């Protein structure tokens, strides 16, 4: 009798725990994500996982880099390190969108010959430029061991190949970016691959760039002709930043960004970076987070939205963090008001 009673109590406990988890996750558990930056130091990762669990996020966006660009003396970070990080997030039930940037990899994505204050307008090439022919394959060869280390992980959402269009000192010519995305899709056809774009305020550069990428570049047109008129990416991963300070302006801006990104290319749109700094105080940051998440989800401006970001470990980028500290990743006393609003949106909406 005691054994049956103990078994029954154990079953009830497990059922209630599962029900509590399901309730806490809510319907938008995997539509709302969070940027956790680059996970370079092994003994820090579990703290980041713990804080991700605490806030209730189901999907994080993580940078992959082979070294710390702010600490050049640091040892090389191996592909196996990131495979282990993926496993740590997976053990906590968290999916990961991986972003490959221009930082730290041999064959930098910075094309010094084709940028100035007008960005894409000085780069109206149809065929890859000399920079693209020299560096695109080199870059992909360099990231390949890192992609191969994570590509079979069950919690991998996809990879974003970073290219911020209005970041004039870093973005690539559309012809070169099309070359890079096309070759990436040919190498890893089963992976969800995202193009990366950015806009500040109501800039039209991003969607004009994407229109050119989609319709007027050699490698993308070749791929479309040979693959049933499908483009070589699966998602348009957009970064709509702004300094608007009221809900109506934010709503108009996000509608504009969503509409034109969907008009200029055929794939679903995710907002994989959206954030406001604490320039005007932590409570205004909280208000803008509420706007960004609620307006995007309720109006279906994007299928997924990722807040930028959990931590602000590099003070040179402006303080976007939901936490005011960085050194102890799961320290609970440095959570800002926006952290609690994010938790509410993840767990109860």
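The values are calculated or read from the model by the stated rules, or taken from the named source; none is laboratory data. If you're wondering where the values come from, they're calculated on a predicted model, not measured in any experiment. Don't worry about glycine lacking a Cβ; one is built from the backbone with ideal geometry, like all the others, and counts go over all protein chains shown.
Listing for the model above:
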item	result
Residue match in the stretch 306-328 (condition: surrounded by fewer than 21 Cβ atoms within 10 Å (Cβ to Cβ), under 24 Å from residue 250 (Cα atoms), in contact with a strand residue (DSSP E or B) (Cβ under 8 Å, 6 or more places away or on another chain) and at pLDDT 95 or above)	no
Matching residues, the stretch 94-138, being in contact with a helix residue (DSSP H, G or I) (Cβ under 8 Å, 6 or more places away or on another chain), within 30 Å of residue 57 (Cβ to Cβ) and either exposed (fewer than 13 other Cβ atoms within 10 Å of the Cβ) or modelled with pLDDT of 85 or more (or both)	94, 95, 96, 98, 100
Matching helices (runs of 4 or more DSSP H) fully within the stretch 212-305 where at least 3 residues are within 17 Å of the chain's Cα centre (by Cα) and crowded, with 17+ Cβ neighbours inside 10 Å	247-264, 282-298
Selection count where residues are surrounded by fewer than 21 Cβ atoms within 10 Å (Cβ to Cβ) and outside any helix (DSSP H, G or I), scope the stretch 198-211	5
Residue count for the stretch 171-189, restricted to those that are in a loop (DSSP other than H, G, I, E, B), closer than 19 Å to residue 144 by Cβ and in contact (Cβ under 8 Å) with a residue 24 or more places away in the chain	2
Test for residue 347: is it at pLDDT below 90, on the phi < 0 side of the Ramachandran plot, part of a helix (DSSP H, G or I) and surrounded by 13 or more Cβ atoms within 10 Å (Cβ to Cβ)	yes
Any hit, the stretch 215-232, residues being out of contact with any helix residue (DSSP H, G or I) (no Cβ under 9 Å at 6 or more places or on another chain) and closer than 18 Å to residue 160 by Cα	no
Counted residues, the stretch 141-157 - those being touching a helix residue (DSSP H, G or I) at 6+ places or on another chain (Cβ under 6 Å) and assigned to a helix (DSSP H, G or I)	4
Single match in 150, 195 (criterion: within 19 Å of residue 236 (Cβ to Cβ) and buried (at least 16 other Cβ atoms within 10 Å of the Cβ))	195
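Yes/no matrix, rows are residues, columns are (1) in contact with a helix residue (DSSP H, G or I) (Cβ under 8 Å, 6 or more places away or on another chain); (2) exposed (fewer than 10 other Cβ atoms within 10 Å of the Cβ); (3) modelled with pLDDT under 80; (4) part of a helix (DSSP H, G or I):
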position	(1), (2), (3), (4)
8	no, no, yes, yes
18	no, no, yes, yes
35	no, no, no, no
47	no, no, no, yes
73	no, yes, yes, no
89	yes, no, no, yes
